[in-house]
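Asks: Below: one structure in structure tokens.
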Amino acid sequence: MATVTGASGAGETGARWRARARCGLGMMIGAALAAALWTAPAAAADVEAANALVEDTAAQILDLAASEASDLEKRQSFEALLNETADVARIARLTIGRPWRGLTDSQKADYQAALIPFAANRFVKSFGDFKGGSVRYKSSTTTKVRDEERVLVRTIGRRPASAEATDILWVVTELEGRPVFYDVRIENLSLVVQLKNEMSGYLSSVGGDFDKLVALLRESTA
Amino acid sequence: MSFSAAIRMAAIGAVALGLSACATNSPENAALGINDPYENSVNRSIHSFNKGFDRYALRPVSQGYDAVTPGLFRLLISNALNHLEAPRDFANHILTAEFESAGRTLLRFAVNTTVGAGGLLDPATDFELEKEDADFGKTLAVWGAGEGVYYEIPFLGPSTVRHTAGRVVDLALAPTSYLGEPLIAGGVAAVAAVEARDDNLGAIDSVLYDSPDSYIAVRSFYLDARRAFVTNGESQNLDDLEDF
């Protein structure tokens, strides 16, 4: 159309178009910036909260491991910490896997109550090997799996008399508005997968009797 | 680890490999993804022996070592033991086409040999040249070899056919194998075992002594750790567990 009305008309139309385009582009950039400014603090806060959770939890575990408390006291203190900082219900569910669906609510509750002291003991003793050394923040990344945001916080552990670094990855998500972790991978070895395979072994050894598995766990931490 | 120990391990591995042809895995173990046909015939007995060896020898010695040796001395020993593994790490990175890791391992070896007083110090780590472990068991896995039968070896603990075969080849890459003095090589292997036990005191204690069934716990821990190592963590995918 502009080419038929002549050069001047075409120039005027082109100028208007460019002005509109600039205006539209400006609005789009403005909207994008506004959206970024609106969402960035929330995303950053999630990562920061996850980092803070991991740094705080690692420091508390190392303090606990270095304390003069008995093994039982350490385990009980760590159980309390685990209940506060981890998604224990999810850990219980993951360590059973598919058979979880067939359990009654009472069996689920019994299992969780028996597993957590067992897991706390494993956890606090594994971290106890870094006593006198350090566990320091290295980096964090976010990932999304099935609509769930997760923050993977990487820390580096150093044992007191070893220069070798140990890669420790924490998987953090959100539960009721607060950050919680539900797995820790030491040198790629997932504590949850390890517990899951171990529980499957025990369950198989008692002929698949779930109540016997719970009894075994209770006995081992009694 | 002395060369004669390697020969013994190879023999045990070969015997296990041979026997695997006539042994049958239980359906329960097969369902768990574990190939352990000797669980009740041999493995549990060897496990009891190894647990006793740990309780009365390895664990007390490692605790004594920890108590009487200064931290700096242990750090130097730890560095030296790591340094001796460099040829093994380098060769296996090459064999699995991990050339960047091989390059970093070579550079790390050069830095620690020269600036690090022959490997007693570890300045390479400060230059972000961290140790990157590799062994021939992993190489075999990358090449497609199956894990094979699980078994416990007296004094040496849990293993699989693939891992045992890998350990034998790795011995050929260990500088201590060429000293011509089995006692020195054996001494280095003993110190390495004591060091490793001391470094993982809590983790190993919780598996061996705080589990409902230490045989199942050790087997599960060992296989998970090995599988995580040879697959760079791929075997530890939590998302598979979530999918139910």
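Asks: Report yes if some residue within the stretch A:196-217 is among the polar types (S, T, N, Q) and either farther than 30 Å from A:Gln107 by Cα or touching a strand residue (DSSP E or B) at 6+ places or on another chain (Cβ under 7 Å) (or both); otherwise report no.
Replies: Taking every residue of the stretch A:196-217 in turn, none turns out to be among the polar types (S, T, N, Q) and either farther than 30 Å from A:Gln107 by Cα or touching a strand residue (DSSP E or B) at 6+ places or on another chain (Cβ under 7 Å) (or both).
Asks: Filter the stretch A:90-135 down to residues that are of a type in the set (Lys, Arg) and under 19 Å from the mean Cα position of the chain (by Cα) and give me whichever is nearest to B:Asp198 (Cα to Cα).
Replies: Of everything passing the filter in the stretch A:90-135, A:Arg122 is nearest to B:Asp198 (Cα to Cα).
Asks: Separate question: Give the number of residues within the stretch A:152-169 that are among the charged types (D, E, K, R) and part of a strand (DSSP E or B). First the steps, then the outcome.
Replies: Within the stretch A:152-169, the subset among the charged types (D, E, K, R) is A:154, A:158-159, A:164, A:167.
Next cut, part of a strand (DSSP E or B) only: A:154, A:158, A:167.
Matching residues across the stretch A:152-169 total 3.
Asks: Another one. Check B:Pro158, B:Pro175, B:Pro154, B:Pro182 and return the single one that is buried (at least 19 other Cβ atoms within 10 Å of the Cβ) and either touching a strand residue (DSSP E or B) at 6+ places or on another chain (Cβ under 6 Å) or not aromatic (Phe, Trp, Tyr) (or both). Steps first, answer last, please.
Replies: Values: B:Pro175 fails: buried (at least 19 other Cβ atoms within 10 Å of the Cβ); B:Pro154 fails: buried (at least 19 other Cβ atoms within 10 Å of the Cβ); B:Pro182 fails: buried (at least 19 other Cβ atoms within 10 Å of the Cβ).
Being buried (at least 19 other Cβ atoms within 10 Å of the Cβ) and either touching a strand residue (DSSP E or B) at 6+ places or on another chain (Cβ under 6 Å) or not aromatic (Phe, Trp, Tyr) (or both) holds for just one of B:Pro158, B:Pro175, B:Pro154, B:Pro182, which is B:Pro158.
Asks: Of all residues being surrounded by 18 or more Cβ atoms within 10 Å (Cβ to Cβ) and of a type outside the set (S, T, N, Q) in the stretch B:34-50, which is nearest to B:Ala217 (Cα to Cα)? Just the residue, please. Quick ask: steps written out before the conclusion?
Replies: Of the residues in the stretch B:34-50, the ones surrounded by 18 or more Cβ atoms within 10 Å (Cβ to Cβ) are B:34-39, B:43, B:46-47, B:50.
Narrowing further to those that are of a type outside the set (S, T, N, Q): B:34, B:36-39, B:46-47.
On the way: B:Ile34: 13, B:Asp36: 14, B:Pro37: 17, B:Tyr38: 16, B:Glu39: 13, B:Ile46: 15, B:His47: 11 Å.
The qualifying residue nearest to B:Ala217 (Cα to Cα) is B:His47.
Asks: Mind telling me which of the residues B:Ser214, B:Ser159, B:Ser177 ends up being among the polar types (S, T, N, Q), over 27 Å from B:Gly33 (Cα atoms) and in contact (Cβ under 8 Å) with a residue 24 or more places away in the chain?
Replies: Exactly one of B:Ser214, B:Ser159, B:Ser177 is among the polar types (S, T, N, Q), over 27 Å from B:Gly33 (Cα atoms) and in contact (Cβ under 8 Å) with a residue 24 or more places away in the chain, namely B:Ser177.
Asks: Name the one entry in A:Leu175, A:Leu213, A:Leu191, A:Leu203 that is within 9 Å of chain B (Cβ to nearest Cβ), in contact (Cβ under 8 Å) with a residue 60 or more places away in the chain and of a type outside the set (Val, Ile, Thr).
Replies: A:Leu213
Asks: Another one. Which one of B:Phe109, B:Phe73 is part of a helix (DSSP H, G or I) and buried (at least 20 other Cβ atoms within 10 Å of the Cβ)?
Replies: B:Phe109
Asks: For the stretch B:66-88, name all the residues that are at the interface with chain A (Cβ under 10 Å from one of its Cβ atoms) and either in contact with a His (Cβ under 8 Å, 6 or more places away or on another chain) or not hydrophobic (A, V, I, L, M, F, W, C) (or both).
Replies: Of the residues in the stretch B:66-88, the ones at the interface with chain A (Cβ under 10 Å from one of its Cβ atoms) are B:66, B:69-79, B:81-82.
B:Asp66, B:Thr69, B:Pro70, B:Gly71, B:Arg74, B:Ser78, B:Asn79, B:Asn82 - these are the residues of the stretch B:66-88 that are at the interface with chain A (Cβ under 10 Å from one of its Cβ atoms) and either in contact with a His (Cβ under 8 Å, 6 or more places away or on another chain) or not hydrophobic (A, V, I, L, M, F, W, C) (or both).
Asks: Do the conditions hold for A:Ala120, that is, is it touching a Lys or Arg at 6+ places or on another chain (Cβ under 6 Å) and either within 11 Å of chain B (Cβ to nearest Cβ) or at pLDDT below 95 (or both)? Break it down stepwise before answering.
Replies: Numbers: touching a Lys or Arg at 6+ places or on another chain (Cβ under 6 Å): yes; either within 11 Å of chain B (Cβ to nearest Cβ) or at pLDDT below 95 (or both): yes.
Yes: the conditions hold for A:Ala120.
Asks: Among the residues of the stretch A:173-208, what is the count of those that are under 22 Å from the mean Cα position of the chain (by Cα), over 17 Å from B:Ser206 (Cα atoms) and of a type in the set (A, V, I, L, M)?
Replies: The number of residues fulfilling the criteria is 2.
Asks: Checking B:Glu128 against (1) surrounded by fewer than 18 Cβ atoms within 10 Å (Cβ to Cβ); (2) not in a loop (DSSP other than H, G, I, E, B): exactly one of these is not met. Which one?
Replies: With (1) surrounded by fewer than 18 Cβ atoms within 10 Å (Cβ to Cβ); (2) not in a loop (DSSP other than H, G, I, E, B) applied to B:Glu128, the lone miss is (2).
Asks: Right, next: Identify all residues within the stretch A:137-154 that are away from every other protein chain (no Cβ under 12 Å) and within 25 Å of B:Phe221 (Cα to Cα); write none if there are none.
Replies: Residues satisfying the conditions are A:Val153, A:Arg154.
Here is a yes/no grid of residues against (1) more than 15 Å from the chain's Cα centre (by Cα); (2) within 29 Å of B:Val42 (Cα to Cα); (3) within 11 Å of chain A (Cβ to nearest Cβ):
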residue: B:Glu147; (1), (2), (3): no, yes, no
residue: B:Val169; (1), (2), (3): no, yes, no
residue: B:Ser177; (1), (2), (3): yes, no, no
residue: B:Leu183; (1), (2), (3): yes, no, no
residue: B:Asp198; (1), (2), (3): no, yes, yes
residue: B:Ala228; (1), (2), (3): no, yes, yes
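The values are calculated or read from the model by the stated rules, or taken from the named source; none is laboratory data. All of these numbers come straight from a predicted model, not from anything done at the bench. Because the Cβ atoms are built from the backbone with ideal geometry, glycine has one as well, and the counts that use them run over all protein chains shown.
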